[in-house]
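Report on one structure; see the data block that follows.
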Amino acid sequence: GLFWMQIIKGGFYYNLSQNNRIRLVSMDASRGNILDFTGRPLADTTVSYDLVIMPTEIKDKTDKANIFNALSPVAGISVQSLEAIYRKNYIGPFTDVVMIKNIDKNLALEVEQMNLSLPAVKIKPRSQRRYIYKEATAHILGYLGEINPDELSILKPYGYKRMDLIGKTGLEKSLDKYLKGEDGGMQLEVNN
C-alpha cells in the first residue's frame, strides 16, 4: 500500500496537496466615478466594511454555535437572528456569508480583535456608492441596486454574479458596463 501511494500515485497526491494549500479570496471591483465637465465627482466610491463568515473555516455545528454566541453580544443581534441571516445568505461552502453590511468602525475593530478565537469571522472591505449632489442629480445619475435573478440570467456571461450591484436607471444603467470594473482576488497560502 505504501509503495502504491508514494511511488505510483505520489505525483498525483503531491499535486492535490499543492492545489489544496492555495485559497482564492475574491475582491469586488471598485465602481468607476462619474464626473462633471470640470472633473468634479458627481458619484464616487467609498469603502465600507461587512462582517462575513467563511463557511470553509467552520469545523462543525458546535463551532458554528460558538461563533453565533460570541458575535451576538458584540453585534447586538440575537443568536436566533444571526442563525437566520446565515441560512438566508448562505450560497455555498466556498462563498463568504455576509452577516452584517456596512458596519461601523468600532464594531469592525472589536471583531478583528476576536480574530484568533473566531478564525471564520472576517471583516471584508466593500465599495459603496456615494452621490455628491444627490437631490440635484438623482434623475440623471440614477441609482444602483442588487442584481435580480432575471438580470443575472442575462448578465452572468459578462462576469456578473449573485449579490452584485448594477445600475437600475439613468447613467448608472446606461454606462454600467464601463463603470462596473473587473473583479479580482488574492491567492493566500494556508496550512492545515
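The values are calculated or read from the model by the stated rules, or taken from the named source; none is laboratory data. Computed from a prediction, not measured in an experiment: that's the story for all the values here. Every residue, glycine as well, gets a Cβ built from its backbone with ideal geometry; the counts of neighbours run over all protein chains shown. These accessible areas exclude ligands, DNA and RNA; they are computed on the full protein's heavy atoms, side chains included. Shrake-Rupley method; radii C 1.70, N 1.55, O 1.52, S 1.80 Å.
Key figures for this structure:
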item: Residues within the stretch 93-149 that are closer than 18 Å to I166 by Cβ, in contact with a helix residue (DSSP H, G or I) (Cβ under 9 Å, 6 or more places away or on another chain) and of a type in the set (K, R), tallied; result: 1
item: D150 being over 21 Å from S30 (Cβ atoms) and acidic (D, E); result: yes
item: Residue in the stretch 43-55 that is touching a residue at least 60 places away in the same chain (Cβ under 8 Å) and surrounded by fewer than 12 Cβ atoms within 10 Å (Cβ to Cβ) present; result: yes
item: Of residues in the stretch 138-155 being among the hydrophobic types (A, V, I, L, M, F, W, C) and not in a helix (DSSP H, G or I), the one most open to solvent (accessible area, probe 1.4 Å); result: L144
item: From M163, M99, residue being at positive phi, surrounded by 12 or more Cβ atoms within 10 Å (Cβ to Cβ) and not β-branched (V, I, T); result: M163
item: Set E112, E135: member being open to solvent by 80 Å² or more (accessible area, probe 1.4 Å) and within 16 Å of Y49 (Cα to Cα); result: E112
item: Residue match in the stretch 59-75 (condition: closer than 30 Å to A136 by Cα and exposed (fewer than 11 other Cβ atoms within 10 Å of the Cβ)); result: no
